[in-house]
Amino acid sequence: MVRFDPLRLAPADAETTVLRLAKTLDHVASESGREIEIPTYYDGPDLVETAERSGVSVELLIALHSGRVYRAFFLGFLPGFAYCGVLDPAIVAPRLLRPRERVPAGSVAVADGQTSVYPFDSPGGWRLIGRTDVRVFDSTRDSPALIRPGDRVRFVAR
Amino acid sequence: MMQIVATGLRATIQDRGRFGHLREGVPPSGPADPYAFAAAQALVGNDPGAAAIEIVGGAFTFHCESPRIVTVTGRDVALRGRDLVPGWTAAFARSGEVFTVVGGERSRFAYLAVSGGIATEPILGSRSAFLPAGIGRPLRAGEALPLGNARVDAERAGLSAPSPDYDTGQIRAITGPHAQRFTDEAETLFFRSDFRVEPASDRMGTRLSGPRIGAREGEILTCGVVAGAVQIPSGGAPIVLLAEHQATGGYPVIATVISADLGLVAQRLPGERLRFARVDRGLAIAALRDARAALEVIA
């Protein structure tokens, strides 16, 4: 998303500039981005139910989730919350109909083909399958978000 | 230094906002009512990028150890020192003189600006508190805040800035960006109906109830959002995003409140009504220009 001040840059000029920049953008090469490992304890409150819903054993669900390298598509929802995908299609995890009022920071979660780590205690509607001690956002770090768009993310079972 | 004696319900430091960090999922924060904030800074002679205090629930009491120009802006607010200073008016504060921000029945967000600005350490380029991410924290009674150096221009005392009409409930908005996700009937209903502000409204957004606004079937791709975006979640009850909006949103946005009117939305109280008036982009930009021009004459 591009923000600009319409009193300093006319919207038509902003649009022209953005379109010109978009044309010069290279496609992201599949091997680009840094590789980020998230050590994960697979003991989340929705682990068993997600396995049942997917028709697989808990062991297989863990293997499916930790067996892929995900791409971080973008960050949103909360600082440091990276939308990573895509999940193995065998993992069936629609968003919760009633989001939890409080999901603990560090929860490893899945929803609708994507996976992420909750950076803070917050409300949330994703299914919680595990947790990590890694801090995915820390405003005191030079680069506060651990995962950046384009990074490759791997969950490693602990 | 500014010595805080009492804080009201919740007081935080805010500057214009934290820009350039949406890619990390960090929202801009900043004042819920940007015009009232900018007016407060202009009245005390501060740079527009200086930090002030956003107060919810009145009764914020303080004194400064050196002479300062102070003011409070917002809806239905005043400043009580030895005398009562009306809102949107600059006052001279002697060293040690105690002031209390007084909020009336219709007050919601008040902005207390002090010449020199609040000079705490910026985090990610901004002094704005963003409590959900542990950036900044609510101010506490008994603490002292560093102030920037400023020439005290006593001539400013008595200077006032125009307050918008917070009681109107008429909110100007342009359509879209997801207008094509709504039928003409839904859009007409949206612009012709009264909505009621729900108690769950906060700095993240103003939640509305009223006629159910239905979007067409199908999901939209999650995309970046701005303050002022009017999201329509699946239940059909609109949410107007404010300063602490999430960096991205997955609900269709039927309309976007113009920048000049963001504060009018933020300052609506739970139970009050509001109505959206459709304007075009040219008028939105003209309204922003007028709002800034009104403050340039006093800055």
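Of everything in the stretch A:81-133, what is polar (S, T, N, Q) and either under 20 Å from A:Gly33 (Cβ atoms) or open to solvent by 20 Å² or more (accessible area, probe 1.4 Å) (or both)? Give them in sequence order.
First, pick out the residues of the stretch A:81-133 that are polar (S, T, N, Q): A:107, A:114-116, A:122, A:132.
Matches in the stretch A:81-133: A:Gln114, A:Thr115, A:Ser116, A:Thr132.
Could you check, for the stretch A:24-38, whether at least one of its residues is part of a loop (DSSP other than H, G, I, E, B), over 30 Å from A:Val108 (Cβ atoms) and within 14 Å of chain B (Cβ to nearest Cβ)? No, that holds for no residue. Restricted to the stretch B:104-135, and to residues there that are in a loop (DSSP other than H, G, I, E, B) and hydrophobic (A, V, I, L, M, F, W, C), the residue that is surrounded by the most Cβ atoms within 10 Å (Cβ to Cβ) is B:Ala129.
Would you check which residues across the stretch B:205-222 are out of contact with any helix residue (DSSP H, G or I) (no Cβ under 8 Å at 6 or more places or on another chain) and under 21 Å from B:Leu264 (Cα atoms) and list them? Listed by number, the residues that qualify are B:Gly205, B:Arg207, B:Leu208, B:Ser209, B:Gly210. Screening B:Gln180 on (1) outside any loop (DSSP other than H, G, I, E, B); (2) touching a helix residue (DSSP H, G or I) at 6+ places or on another chain (Cβ under 9 Å); (3) surrounded by fewer than 18 Cβ atoms within 10 Å (Cβ to Cβ) shows it passes everything except condition (2). Restricting attention to the stretch A:55-80, the residues being open to solvent by less than 50 Å² (accessible area, probe 1.4 Å) and either within 14 Å of chain B (Cβ to nearest Cβ) or part of a loop (DSSP other than H, G, I, E, B) (or both) number 8. Selection within the stretch B:261-299: residues that are part of a strand (DSSP E or B) and open to solvent by 20 Å² or more (accessible area, probe 1.4 Å). The member of this set that is farthest from A:Ala10 (Cα to Cα) is B:Arg273. Going through (1) among the charged types (D, E, K, R); (2) surrounded by 12 or more Cβ atoms within 10 Å (Cβ to Cβ); (3) assigned to a loop (DSSP other than H, G, I, E, B) one by one, A:Arg8 falls short only on (2). Among residues of the stretch B:106-130 that are at positive phi, those with a Cβ under 8 angstrom from a residue that is basic (Lys, Arg), sequence gap 6+ or separate chain, pair up as B:Gly116/B:Arg68; B:Leu124/B:Arg18; B:Gly125/B:Arg18. Looking across the stretch B:249-281 at every residue that is over 18 Å from B:Ala38 (Cα atoms) and within 10 Å of another protein chain (Cβ to nearest Cβ), the one that is modelled with the lowest pLDDT is identified as B:Gly250.
For B:Phe92, are the conditions met, namely being hydrophobic (A, V, I, L, M, F, W, C) and either assigned to a loop (DSSP other than H, G, I, E, B) or open to solvent by 20 Å² or more (accessible area, probe 1.4 Å) (or both)?
Yes.
B:Leu208 satisfies every condition listed in (1) open to solvent by 50 Å² or more (accessible area, probe 1.4 Å); (2) away from chain A (no Cβ under 14 Å) except (1).
Which ones in the stretch B:40-77 are more than 14 Å from B:Val98 (Cα to Cα), open to solvent by 10 Å² or more (accessible area, probe 1.4 Å) and part of a strand (DSSP E or B)? Scanning the stretch B:40-77 gives B:Val56, B:Val77. Is it true that some residue in the stretch B:136-155 is out of contact with any Lys or Arg (no Cβ under 6 Å at 6 or more places or on another chain), within 14 Å of chain A (Cβ to nearest Cβ) and open to solvent by less than 50 Å² (accessible area, probe 1.4 Å)? Yes, the stretch B:136-155 has at least one match.
The values are calculated or read from the model by the stated rules, or taken from the named source; none is laboratory data. Predicted, not measured: the structure shown is a model, and the values here were computed from it. We place every Cβ from the backbone using ideal geometry, glycine too, and count neighbours over all the protein chains shown. The protein model used for the area step is the full one, side chains on, heavy atoms only, and it has no ligands, DNA or RNA in it. Shrake-Rupley method; radii C 1.70, N 1.55, O 1.52, S 1.80 Å.
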